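Here is the structure we will look at.
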C-alpha cells in the first residue's frame with residue numbers, strides 16, 4: 001500500500017486507463033513483441049542489407065591483357081578486401097550478363113593494351129562497372145577504386161623518380177585512370193543516412209497502428225460499451241489511450257539509436273533534448289492520427305487498411321526512399337503534408353549534422369500544425385457512443 | 001418535480017436511417033422498482049435501454065434520468081448508473097480482481113474505498129476464490145455474475161441490465177434474480193430487459209415492446225387481469241390440427257400452442273371463458289379430437305402478448 005496523496009478524479013481515471021492499457025499490452029505477447037521486435041528487426045534488416053556488401057563484393061574480372069602486370073593489379077584489387085574475385089571471363093558482354101543476372105555485383109575490365117600502356121607510362125584505363133541497386137555498394141566500390149587509384153599513382157610517381165635518379169628518362173610517370181560506372185541506381189546513400197530516417201518510419205508504423213487498434217479492438221470486443229458507460233470523460237479516455245504509447249515510442253527510439261550506434265556507428269551529434277522534443281511532436285502527431293483513424297473505423301481490419309493507406313505515401317514521399325528534392329513538384333507538396341517528411345529532416349539534422357532545434361523551427365512548426373489539425377479531428381470524431 | 005421518479009421519458013424515439021428502432025415511448029419508473037422491458041428479439045429493448053443510460057442520443061422526445069436531462073447531462077449521470085451490457089463487455093485479458101479494480105478506479109472510488117469495496121464485492125458475489133482467474137476461462141453464468149458485480153461496484157442508484165440472463169441455465173437465472181431483488185431491496189432502482197416470461201412476471205412493473213413500440217405498461221398482475229375470463233386452456237393429442245379447428249370458430253380470437261397445451265383467447269365481445277369452455281370441448285370432440293379437454297384458465301403474460309400482437313390495446317386497461 002502506498003501513502004501517496006489521492007489524485008483528483010480526472011487524473012485517477014486517466015491513470016486507471018493508462019495502467020489498464022499497459023497491463024493488457026504486456027499480456028498481449030504479439031503486441032509486446034511488435035514494440036520491441038519491429039525496431040530491431042527493421043533496423044538490422046535495412047542496415048545490414050546496405051552495410052554487408054561494403055566488403056567482399058562478388059566481382060568478375062575481364063582480363064583482356066592477361067599479363068603479369070594485369071595479374072599483379074588483380075592482386076592489388078583483392079588486397080583492398082572490397083572485391084572477391086569469383087569469376088574470370090573473356091568478354092565484356094559475358095561479364096555484363098553476369099552482372100544483369102545478379103551473379104556478380106562488380107565487373108572489372110582490364111583492356112588488352114594494359115601492359116603496353118604500363119611500360120609506356122601512358123594512361124592505363126581500368127573500368128569498374130557496378131550494380132548500384134544497392135547504393136552503398138556502389139559508393140564503397142567508388143571509394144575503394146579511388147583509394148587504389150591514388151595509391152598506385154603514388155607508387156608510379158615514386159618508381160618514376162627512382163628511374164629519373166638512375167638517369168634513364170625514357171620512361172615517364174605512369175598515370176592510372178580508373179573509371180567507375182554505376183548502373184541501375186545513380187544516387188547513393190549510406191546506412192548512416194538511412195538509420196535516422198528509419199527511426200521515423202518505425203515510429204510511424206507502430207504508433208499509428210497501435211493507438212488505432214487499441215481503441216478499435218475495444219469496440220470490436222464490446223468492451224467499449226462498458227467503457228463509455230463509465231464516468232471517464234472522452235478526453236480522459238483519449239489521453240489515457242495515448243500516454244502509454246508515448247512511452248513506448250521513446251522506448252523504440254532508444255532501441256533504434258542504440259542498435260544504430262552498435263551495429264552501424266550511426267552518430268548522435270546533436271543534443272538528445274532536441275531529439276526528444278522533435279520526437280515528442282512527431283509521436284504526438286502519429287498518435288492523434290491513430291485516434292482519428294480509430295474514430296472513423298469499425299473494426300481492426302478497416303483500421304489497419306486505413307493506417308497502411310497512410311504508411312505508403314509516408315515511406316515513399318518523405319525523403320526516406322527517394323531524395324526529396326528529386327521528386328516531382330506534386331509529390332513534394334504531398335510530402336510536405338506528411339509528418340514523417342519533417343521528422344526525417346529533423347533527425348538527419350540533429351543526429352548527423354548536429355543541428356540545433358532553432359534551425360529546425362519550420363519542421364517543428366509543421367509537426368505542431370499537423371498535431372493541431374489531427375487533434376481537432378479526433379476531438380470532433382472521437383465519441384463516447386455506440387454505433 | 002417528482003423526486004420519486006427515477007426515469008421520466010416522453011415520446012422517446014430512435015431511428016437508424018429509415019429503420020425506426022424505438023417509437024413513442026412514454027415511461028415513468030419509480031424509486032426502488034424492479035422495472036422490466038419484455039419483448040421478442042429485435043423489439044428495440046437494447047436501443048431503448050441505451051437511450052435511457054445516455055449512450056445513444058434519441059432522435060425524438062425527451063428523457064430525464066435521476067433528474068439529469070439526456071443526452072445533455074449524460075456524463076454526469078454515469079457515476080450514478082450501473083450498466084450491464086447484453087454482450088459481456090469486460091476485459092477478457094484482465095483477471096476478475098483487475099476488472100473490479102479498474103471499474104472502481106474509473107468510477108472514482110478513492111484508494112481506501114476501492115480496497116474495501118473490491119474485497120466486499122469479491123466475497124458478496126462468491127468471486128473471492130476466483131479473483132485471479134480471467135473471464136475468458138469462466139462459464140456464461142460466472143461471467144454474468146462478474147458483470148453484475150462490476151455494475152454494482154460504485155453502489156449505483158439505478159442499475160440497468162440488458163438481457164442479463166440470456167443463454168444462462170434456469171438455476172443460475174433464478175439465483176441471479178434473487179440477487180436483483182436483493183439489490184432493489186437496498187434502495188436501488190433496477191431496470192431489466194428480458195425475453196423470458198418467467199422472469200418478466202417477477203418484475204414490479206413491465207413495459208411490453210413490440211416492433212419498437214410500447215404496447216402495454218403495468219404490473220404483471222394488472223396486465224394479465226386485463227384478459228380475465230377470456231382464456232381457455234385445452235389439452236389435446238394433435239395440437240396442430242386442433243388449432244386449425246379452433247381458429248375457424250368465430251368466438252376464438254386466437255389459438256396458440258404453449259408447451260404441451262393450447263391456449264385459446266376468446267374474442268372481446270363473446271361470452272366468458274367458464275361458459276365457453278364446455279362448448280369448445282364439445283366442438284373438438286365432435287370434430288374427432290378424442291379425449292380433448294377445455295377449461296377456463298388464468299391468463300399468462302404469453303396470452304397478453306398474443307392479444308397485443310393482435311393489435312389489442314391494453315395500456316388503458318392496465319394503467
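The values are calculated or read from the model by the stated rules, or taken from the named source; none is laboratory data. Since this is a predicted model, take the numbers as computed values, not measurements. We place every Cβ from the backbone using ideal geometry, glycine too, and count neighbours over all the protein chains shown.
If I go through the stretch B:120-169 residue by residue, how many of them are within 13 Å of chain A (Cβ to nearest Cβ), more than 20 Å from residue A:230 (Cα to Cα) and assigned to a helix (DSSP H, G or I)?
So the answer is 1.
Can you name the condition, by its number, that residue B:194 falls short on among (1) within 26 Å of residue B:293 (Cβ to Cβ); (2) touching a residue at least 60 places away in the same chain (Cβ under 8 Å)?
(1)
The conditions are (1) at pLDDT 90 or above; (2) more than 14 Å from chain A (Cβ to nearest Cβ); (3) surrounded by fewer than 23 Cβ atoms within 10 Å (Cβ to Cβ), and residue B:37 fails exactly one of them. Which is it?
Tallying (1) at pLDDT 90 or above; (2) more than 14 Å from chain A (Cβ to nearest Cβ); (3) surrounded by fewer than 23 Cβ atoms within 10 Å (Cβ to Cβ), residue B:37 fails exactly one: (3).
For (1) touching a strand residue (DSSP E or B) at 6+ places or on another chain (Cβ under 9 Å); (2) surrounded by 17 or more Cβ atoms within 10 Å (Cβ to Cβ); (3) modelled with pLDDT under 65, each residue gets a yes or a no:
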position	(1), (2), (3)
A:92	yes, no, no
A:106	yes, yes, no
A:138	yes, yes, no
A:141	yes, yes, no
A:154	no, no, no
A:157	no, no, yes
A:169	no, no, yes
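Restricting the search to the stretch A:25-45, which residues are part of a helix (DSSP H, G or I), within 14 Å of chain B (Cβ to nearest Cβ) and free of Cβ contacts under 8 Å to residues at least 24 places away in the same chain? Let's see the steps before the verdict.
To start, the set of residues in the stretch A:25-45 that are part of a helix (DSSP H, G or I) comprises A:25-27, A:29-45.
Among the residues that remain, those that are also within 14 Å of chain B (Cβ to nearest Cβ) are: A:25-27, A:29-32.
Scanning the stretch A:25-45 gives A:26, A:27, A:29, A:30, A:32.
Which of the residues belonging to the stretch B:181-213 are crowded, with 21+ Cβ neighbours inside 10 Å and touching a helix residue (DSSP H, G or I) at 6+ places or on another chain (Cβ under 8 Å)?
B:190, B:191, B:192, B:193, B:194, B:199, B:200, B:203, B:206, B:208, B:209, B:212
Mind checking whether some residue in the stretch B:188-196 is closer than 20 Å to residue B:165 by Cα, in a helix (DSSP H, G or I) and at pLDDT 90 or above? Walk me through it before giving the result.
Going residue by residue through the stretch B:188-196, those that are closer than 20 Å to residue B:165 by Cα are B:188-196.
Going one step further and asking which of them are in a helix (DSSP H, G or I), we end up with none.
No, the conditions are met nowhere in the stretch B:188-196.
What do you reckon, is residue B:77 touching a strand residue (DSSP E or B) at 6+ places or on another chain (Cβ under 7 Å), surrounded by 19 or more Cβ atoms within 10 Å (Cβ to Cβ) and modelled with pLDDT under 90?
On the way: touching a strand residue (DSSP E or B) at 6+ places or on another chain (Cβ under 7 Å): yes; surrounded by 19 or more Cβ atoms within 10 Å (Cβ to Cβ): yes; modelled with pLDDT under 90: no.
When the stated conditions are applied, residue B:77 does not pass them.
Results for (1) under 15 Å from residue A:20 (Cβ atoms); (2) touching a residue at least 24 places away in the same chain (Cβ under 8 Å), shown as yes or no for each residue.
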{"residue": "B:94", "(1), (2)": "yes, yes"}
{"residue": "B:106", "(1), (2)": "yes, no"}
{"residue": "B:144", "(1), (2)": "no, yes"}
{"residue": "B:151", "(1), (2)": "no, yes"}
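With the condition being within 30 Å of residue B:137 (Cα to Cα), I'd like the helices (runs of 4 or more DSSP H) fully within the stretch B:1-108 carrying at least 3 qualifying residues. Can you show your working first?
On the way: elements: B:45-52, B:74-77, B:96-106.
Result: B:45-52, B:96-106.
Based on this model, can you work out whether residue A:278 counts as touching a helix residue (DSSP H, G or I) at 6+ places or on another chain (Cβ under 9 Å), more than 21 Å from residue A:39 (Cβ to Cβ) and assigned to a helix (DSSP H, G or I)? Steps first, answer last, please.
Values: touching a helix residue (DSSP H, G or I) at 6+ places or on another chain (Cβ under 9 Å): yes; more than 21 Å from residue A:39 (Cβ to Cβ): no; assigned to a helix (DSSP H, G or I): yes.
For residue A:278, the condition - touching a helix residue (DSSP H, G or I) at 6+ places or on another chain (Cβ under 9 Å), more than 21 Å from residue A:39 (Cβ to Cβ) and assigned to a helix (DSSP H, G or I) - is not met.
Looking at residue B:104, is it buried (at least 20 other Cβ atoms within 10 Å of the Cβ) and within 14 Å of chain A (Cβ to nearest Cβ)?
On the way: buried (at least 20 other Cβ atoms within 10 Å of the Cβ): yes; within 14 Å of chain A (Cβ to nearest Cβ): yes.
Considered against the rule, which asks whether it is buried (at least 20 other Cβ atoms within 10 Å of the Cβ) and within 14 Å of chain A (Cβ to nearest Cβ), residue B:104 comes out as yes.
Against the definition (crowded, with 21+ Cβ neighbours inside 10 Å and touching a strand residue (DSSP E or B) at 6+ places or on another chain (Cβ under 9 Å)), how does residue B:252 come out, yes or no? Give the steps one after another, and end with the answer.
On the way: crowded, with 21+ Cβ neighbours inside 10 Å: no; touching a strand residue (DSSP E or B) at 6+ places or on another chain (Cβ under 9 Å): yes.
Judged against the criteria, residue B:252 is not a match.
Identify the residue in the stretch B:80-97 that is within 9 Å of chain A (Cβ to nearest Cβ) and closer than 17 Å to residue B:130 by Cα and, among all such residues, is surrounded by the fewest Cβ atoms within 10 Å (Cβ to Cβ).
Once the filter is applied, the top-ranked residue is B:92.
Going through B:230, B:205 one at a time, which residue ends up being within 30 Å of residue B:9 (Cα to Cα), under 28 Å from the mean Cα position of the chain (by Cα) and at pLDDT 85 or above? Outline the logic, then answer.
Details: B:230 fails: within 30 Å of residue B:9 (Cα to Cα).
Going through B:230, B:205 in turn, the sole match is B:205.
Can you name the residue in the stretch A:208-222 that is crowded, with 20+ Cβ neighbours inside 10 Å and farther than 24 Å from residue A:252 by Cα and is also farthest from the other protein chains (Cβ to nearest Cβ) among such residues?
Of the stretch A:208-222, the ones crowded, with 20+ Cβ neighbours inside 10 Å are A:208-216, A:218-219.
Keeping just the survivors that are farther than 24 Å from residue A:252 by Cα gives A:218-219.
Details: A:218: 9, A:219: 11 Å.
Top of the filtered list is A:219.
Conditions (1) within 24 Å of residue B:198 (Cα to Cα); (2) outside the structural domain of residue B:37 (by TED's automatic domain parsing); (3) at pLDDT 85 or above, marked per residue:
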position	(1), (2), (3)
B:235	yes, yes, yes
B:266	yes, yes, yes
B:271	no, yes, no
B:286	no, yes, yes
B:303	yes, yes, yes
B:311	yes, yes, no
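Kindly indicate the residue of the stretch A:230-275 that is away from chain B (no Cβ under 14 Å) and not in a helix (DSSP H, G or I) and also nearest to the chain's Cα centre (by Cα) among those meeting that condition.
By that ranking, first place goes to A:266.
For (1) more than 27 Å from residue B:121 (Cα to Cα); (2) more than 7 Å from every other protein chain (Cβ to nearest Cβ), each residue gets a yes or a no:
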{"residue": "B:50", "(1), (2)": "no, no"}
{"residue": "B:57", "(1), (2)": "yes, yes"}
{"residue": "B:63", "(1), (2)": "yes, yes"}
{"residue": "B:74", "(1), (2)": "no, yes"}
{"residue": "B:77", "(1), (2)": "no, yes"}
{"residue": "B:99", "(1), (2)": "no, yes"}
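Does at least one position in the stretch A:330-346 carry a residue that is out of contact with any helix residue (DSSP H, G or I) (no Cβ under 9 Å at 6 or more places or on another chain), over 30 Å from residue B:55 (Cα atoms) and at pLDDT below 85? If you could, list the steps in order and put the result at the bottom.
Here is the first cut: in the stretch A:330-346, the residues out of contact with any helix residue (DSSP H, G or I) (no Cβ under 9 Å at 6 or more places or on another chain) are A:330, A:333.
Checking the rest, the ones that are also over 30 Å from residue B:55 (Cα atoms) come to A:330, A:333.
Filter once more, keeping what is at pLDDT below 85: none.
No, that holds for no residue.
Which number in (1) more than 14 Å from every other protein chain (Cβ to nearest Cβ); (2) more than 24 Å from residue B:181 (Cα to Cα) marks the one condition that residue B:8 misses?
Single failed check for residue B:8: (2).
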